[in-house]
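The structure under discussion appears below in the form of structure tokens.
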Amino acid sequence: VETVPAYRRRGLIRKLVTRSVLEIGKRVPIAFVSNGIEDLYEKFGFVTCLAESHLSVPVRNVERVAGKRTPASLQHVRGFSQHDLPAMSSLYNAAHAHRQWTHERHAGWNHLRPTQTWQPGSEVIILEQAEQVAGYAILAETQFGHRTSSLVVEELTARDTEAADALHGQRLG
């Protein structure tokens, strides 16, 4: 669906989605949108319910707020190693496994995508606090030769808000 420029900013999408949600609600208790306009459906109460999903972070948004963060002195971001997988699974389970739609991960979980010719893989960064994994982010690698206007965060999990803020601020800022 596309709105012709002459008819934009008139609330037409709001009317369409509101009416659609009301009609869907008469027939089924749950509505699912598999692909949609970024940040649109959340305005109407939709929430992400997929265990394997991603978050696209526009670089301009990161640049705007990055200066507001003051990371704690006892934490640092480092590269990933296969030995981090059990700690990553443990953090993920503590943060997400209690949700109905999320499955608990075993310590050997590894759905990281390998880098292949012309196909970007997963880039993982680890946040350490007191020599323990306090958070991690799984990013989609940028494709060779492409400038990025956004980072695609496939997964970000942290022990607490301070760790999430530090991970986000140190890597993405």
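The values are calculated or read from the model by the stated rules, or taken from the named source; none is laboratory data. Computed from a prediction, not measured in an experiment: that's the story for all the values here. Because the Cβ atoms are built from the backbone with ideal geometry, glycine has one as well, and the counts that use them run over all protein chains shown. To get the accessible areas, we keep the full protein, side chains included, count just its heavy atoms, and leave off ligands, DNA and RNA. Shrake-Rupley method; radii C 1.70, N 1.55, O 1.52, S 1.80 Å.
Given a 1.4 Å probe and the protein chains as shown, His106 ends up with an accessible area of around 120 Å².
As a calculated quantity, the FRET efficiency between Gln100 and Tyr7 at R0 = 25 Å, using C-beta atoms, amounts to about 0.05. Taking 7 Å along the Cα-to-C-beta vector as the label spot, tell me the Arg27-Val152 distance in nanometres, rounded to one decimal. Result for the modelled spin labels: 3.1 nm. Here Thr3 sits with roughly 50 square angstrom of accessible surface, probe radius 1.4 Å.
Counting only protein chain heavy atoms and rolling a 1.4 Å probe, the accessible areas of Arg10, Arg105 rank, largest first, as Arg10, Arg105. These residues, Ile24, Ile30, go from largest to smallest accessible area, 1.4 Å probe, as Ile30, Ile24. The listed residues Leu16, Leu85, Leu112, once ranked by accessible area (1.4 Å probe) with the largest placed first, stand as Leu16, Leu112, Leu85.
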